[in-house]
Amino acid sequence: MSKFIFVTGGVVSGIGKGISAASIGRLLKDRGLSVFMQKFDPYLNIDPGTMSPYQHGEVFVTRDGAETDLDLGHYERFIDEELTKRASITTGKVYAKIIEKERRGDFNGATVQVIPHITDEIKNAVYKAAEESKADVVITEIGGTVGDIESLPFLEAIRQIHAENKKEDVLFVHTVLVPQIPGSDELKTKPTQHSFKELMSNGIKTNVIIVRSDGKITESIKNKISLFCDVPVDAIVQSENVEFIYEVPLVFHKNGLDNYILRKLDLGNQPESKGEWSKMVERFKTADKPVKIALVGKYVELHDAYLSVQQALLDAGWDNGLMVEIKWINSEELTEENSDEYLSDVDGIIVPGGFGSRGLEGMIEASRYSREHNIPYFGICLGMQIGLIEIARNALGFRDAHTTEVEAKTTYPIIDLMDSQKGIENLGGTLRLGNYDCLLEPDSKVHKLYGEDKIVERHRHRYEFNNKFRSDLRRAGVQFVGINEDLDLVEIIELKDHPYYVACQFHPEFKSRPNRPHPLFVGFVKAAFEKSKAN
Ligand code: GLN
């Protein structure tokens with residue numbers, strides 16, 4: 001039997017509700033409990049897969065191929081568990097399911113309504129997650145803020161879950177902002193009081209309040225919140241502004257939040273944390289050797305579009321005593337004429353995933369620059385594809401080499417669609433998604449880094465390297481060091497006679513964890529550090 005924690009947000013969005021939920025997950029794991037986490041997003045898209053990164057930031061991919069909200073990346077990094085499709089529910093998914101059932105005639109003549117049909121489906125998503133994961137605690141974050149019209153069915157569903165379970169099995173956590181008034185420096189709790197009232201009007205009385213604020217939430221402010229929101233003072237915790245997001249669980253612990261939750265959920269006397277997370281954070285804080293990595297992409301003004309890549313770079317650095325500084329370079333601005341100006345001072349160049357033609361030539365220029373100047377290169381997904389196009393163009397003289405995603409009529413379709421992708425019409429959910437095996441070449445850099453013959457990595461792309469060009473590219477020094485044997489697809493390449501040129505078709509960033517940084521990121525930042533010594 002699982003216990004349930006529901007995390008809602010009030011006052012404003014963007015105050016770290018996902019990090020708070022993930023931090024609670026970490027705390028409970030540190031107390032010896034198993035945890036599953038899920039996110040409910042109230043929008044009508046089935047998933048964020050077809051949304052612009054400007055709308056949504058990165059699309060995170062689970063091992064079973066769900067395209068999800070970036071908060072799932074926080075969850076996996078904080079709780080160090082692989083989540084599944086069950087971890088990501090949207091209004092679109094819920095309605096699609098109900099409408100499909102209605103068309104089949106499953107409702108036996110009933111009028112299909114938000115309550116009970118939609119709410120039942122939402123509750124089912126919680127109970128199914130508990131049943132499948134068998135976790136001691138399922139933590140569910142409700143996207144958006146209370147008061148949003150579209151969140152209402154989700155709030156109603158969790159109210160019902162509270163009503164139909166024992167009171168010690170369900171806990172509500174509400175995250176709020178206590179703003180500081182410029183000039184007077186006064187902290188204002190009124191928005192929190194309103195948010196509490198709004199939640200109450202949905203039948204939900206929160207047990208815990210997590211407060212973000214630029215000021216200090218003193219005992220007297222806690223007393224005031226406690227009085228107006230009917231929550232005990234020891235269940236009001238300030239999520240202080242911290243240097244490392246990984247400190248948040250430690251801040252919560254310092255404030256006694258784990259003990260409070262264990263008590264409220266009647267989870268008895270769990271062993272004290274062994275303190276590994278805090279040792280990790282302490283170690284991260286001592287990382288001081290600077291390494292400068294250029295991240296070249298078309299959404300660089302929006303760092304959230306590359307959240308997991310960014311985090312995997314930082315984590316791999318910190319874990320090895322390196323302080324990675326990311327130089328964000330807009331690939332639309334990068335040309336052969338100005339690449340020296342942008343790239344001559346960096347120790348490594350990374351080109352992450354992406355879609356479409358915008359900024360592609362700048363990415364190609366970045367990979368040329370790293371190849372010709374012996375700068376460590378790490379290409380991820382699109383970053384591998386453009387790397388191979390660059391080599392075909394500049395080392396083999398295939399002048400119009402391209403990907404058919406952008407140039408259908410190229411003489412050299414270095415990157416092309418697999419047969420199984422031809423004729424697919426729907427964009428949503430039809431990419432090559434989730435886990436695929438990859439066999440590593442024994443005598444390769446990546447084999448040494450992974451220390452394994454066979455790996456499993458997560459994918460999210462439609463196009464592949466075109467095997468017709470294997471022998472041409474081999475002539476240019478490309479080594480095909482990672483292969484999916486079932487589909488005969490190239491998954492990793494390396495370049496001979498280059499200090500570190502590694503590119504992969506999958507997304508290693510999704511499997512990187514602060515406590516277990518991904519081998520390809522570790523190899524890359526270490527190579528960049530070697531380069532920095534030479535710089
Ligand atoms: N647009 C490319 C494809 O679909 C690369 C995708 C990606 O980088 N995630 O294959």
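So here's what we get for this one:
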item	result
Student exercise, the chain dipole from Lys, Arg, Asp, Glu Cβ charges, in Debye to nearest 20	1040 debye
Alpha-carbon centroid distance for the pair segment 369-408 / segment 92-131, whole angstrom	47 Å
Förster radius 22 Å - calculated FRET efficiency between ARG475 and ALA534, Cβ distance, rounded to 0.05	0.15
Table column - 3J(HN,Hα) (Hz), segment 120-136, Karplus curve with 6.51, -1.76, 1.60, x for Gly and Pro	4, 5, 5, 4, 4, 5, 6, 5, 5, 4, 5, 5, 6, 7, 6, 6, 5
Relative contact order [Cα under 8 Å, 6+ residues apart], segment 211-307, whole percent	19 percent
Interatomic Cα distance distribution for segment 196-327, bins of 10 angstrom, percent	10, 28, 28, 22, 11, 0
Listed pairs LYS39/LYS197; LYS254/LYS274; LYS93/LYS128; LYS409/LYS496; LYS298/LYS511 exceeding 19 Å between Cα atoms	LYS39/LYS197; LYS409/LYS496; LYS298/LYS511
Contact order normalised by residue count of the chain, Cα under 8 Å, 6+ apart, percent	15 percent
Two-decimal Rg/Rh across the chain, once Rg and the Kirkwood Rh are taken from alpha-carbon atoms	1.00
Approximate spin-label separation GLU240-GLN55, in nm, with each point projected 7 Å along Cα-to-Cβ	4.0 nm
Where labels lie 7 Å past Cα in the beta-carbon direction, separation of LYS128 and ASP185 in nm	5.3 nm
In degrees, nearest ten, helix 382-394 long axis to first principal axis of the chain (Cα)	10 degrees
ALA408-ASP64 FRET efficiency (beta carbon distance; Förster radius 41 Å; 0.05 resolution)	0.80
Centre separation in Å (Cα based) which lies between segment 29-73 and segment 428-450	22 Å
Extension reserve of the ALA96-GLU332 stretch, reckoned as 0.36 nm per residue once the Cα distance is removed	81.1 nm
Ascending count of other beta-carbon atoms within 10 Å, so fewest first, for ILE293, ILE386, ILE98	ILE98, ILE293, ILE386
Cα centroid of segment 138-174 to Cα centroid of segment 291-307, whole Å	35 Å
Contact order relative to length of segment 124-249, as percent, for alpha carbon pairs under 8 angstrom and 6 or more apart	20 percent
Likely footprinting exposure, THR91, THR411, fewest C-beta neighbours within 10 Å first	THR411, THR91
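All of the numbers you see were taken from the coordinates with simple rules; none came from a lab. Keep in mind the model is a prediction, meaning the values are calculated, not measured. Virtual Cβ from ideal backbone geometry, glycine too; neighbours counted across all protein chains shown.
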